[in-house]
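Each remark here refers to the structure printed beneath this line.
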Amino acid sequence: MNNLLKINPEHETKRIETFLQQTFATQNIYHAVIGLSGGIDSAISLSLLRRVLKPEQIFIMHLYYTEPQTTQIEKMLHLAQIPEENIRIVSIKESVNTLAENLKLQFGDETKIRRGNIAARVRMIMLFDYAKEKDALVCGTENKSENLLGYFTRFGDQASDIEPIEHLYKTQIFQLAHYLGVPDEVIQQQPTAGLWQGQTDEGQFGFTYKEADQVLSLALEKHVSAQELVNQGFLNAKKILEWREQNLFKHKTPYILNK
């Protein structure tokens with residue numbers, strides 16, 4: 001790991017706590033809704049929320065498409081002491097499939113990305129509707145690696161009111177997880193957006209977060225060229241930077257006419 005990626009977990013936690021406290025105070029809203037997936041990003045985000053809000057101020061939605069991540073979810077909810085009445089565990093499969101069929105999508109492999117986008121947007125609708133009911137802010141769970149790679153669905157998992165960990169690379173999230181006491185079962189989970197059976201982030205990428213984080217930090221913060229990175233042993237550097245380049249449009253839309 002290069003030095004750019006090393007963090008002081010205690011200091012970082014305090015920074016995020018202050019950011020969350022200020023945001024809730026500015027909005028004069030003291031409740032949060034968060035989608036808990038069973039993975040490390042949502043676990044970290046819940047742990048951070050719990051440091052500034054009481055259990056009864058946090059509302060949980062576990063919106064699964066394939067199978068619920070019951071074991072991981074229960075561990076995090078137990079640690080955060082979230083009351084049972086604040087928890088909704090809902091299958092979105094029927095809603096997603098109905099929408100997909102109405103849009104005349106087929107069930108073949110070629111529609112997986114489109115169906116995955118529908119799933120992400122269905123989750124967004126449900127999270128924001130729950131937040132409206134509870135007068136709460138929707139807490140996002142996106143990290144810096146996903147953001148830089150454009151690994152998100154516009155108006156889906158990207159949509160939120162507040163993002164506590166978007167400034168941290170995935171490998172930095174792991175450093176924070178150990179400090180915050182996230183259970184090993186959650187830390188060791190294969191990162192996945194849960195968009196279809198067997199889907200994993202790194203399986204889609206064709207490279208690991210560990211390599212991507214080092215390449216992105218060196219290329220974007222130290223201006224090291226792709227070829228130099230390859231020469232340094234980052235054999236997937238060009239693929240990683242091309243993946244980012246192909247998804248940059250997600251950060252530029254909507255296009256608007258300037259006055």
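The values are calculated or read from the model by the stated rules, or taken from the named source; none is laboratory data. This structure is a prediction, so every number in the text was calculated from the model and none was measured. Ideal geometry is used to build each Cβ from the backbone, glycine not excepted, and the neighbour counts take in all protein chains shown. The area values use the complete protein model at the heavy-atom level, side chains included, leaving out ligands, DNA and RNA. Shrake-Rupley method; radii C 1.70, N 1.55, O 1.52, S 1.80 Å.
Here are some notes:
- Kirkwood radius, the range 1-145, all distinct C-alpha pairs, inverse of mean reciprocal distance: 16.7 Å.
- With a Förster radius of 45 Å applied to the beta-carbon distance between N8 and L257, the computed FRET efficiency rounds to 0.50.
- Cα point-scatterer Debye curve for the chain, base-10 log of I(q)/I(0) at q = 0.08 Å⁻¹: -0.33
- Once the chain from E101 to L248 is taken as fully extended at 0.36 nm per residue, the excess over their C-alpha distance is 50.0 nm.
- Summed side-chain charge close to L127 - residues other than L127 whose Cβ falls under 15 Å, Lys, Arg +1, Asp, Glu -1: -3
- Vicinal HN-Hα couplings computed from phi for the range 59-67 (Karplus, 6.51 cos²θ - 1.76 cosθ + 1.60; Hz; Gly/Pro x): 10, 10, 10, 10, 10, 9, 9, 9, 10
- Taking H31, H223, H178 as the candidate residues, the one with maximal mean-square fluctuation in a Gaussian network model of the chain, Cα springs under 10 Å, is H223.
- Positive-end residue of A237, Q214, N247, charge dipole of the range 208-259 with Cβ unit charges: N247
- The separation of the range 116-160 from the range 62-83, counted between C-alpha centres, amounts to 18 Å.
- Amide H partners (placed H, <5 Å) of H62, local residues excluded: L36, R88, I89, V90
- Per residue, the accessible area of the range 1-104 comes to 53 Å² when a 1.4 Å probe rolls over the protein heavy atoms.
- Within the accessible surface of the chain, defined with a 1.4 Å probe on protein heavy atoms only, the carbon and sulfur portion equals 49 percent.
- Remark: the chain carries a charge dipole of roughly 620 debye about the Cα centre, counting +1 on each Lys and Arg Cβ and -1 on each Asp and Glu Cβ.
- Choice from E245, E142, E221 with maximal GNM fluctuation in the chain (Cα, 10 Å cutoff): E221
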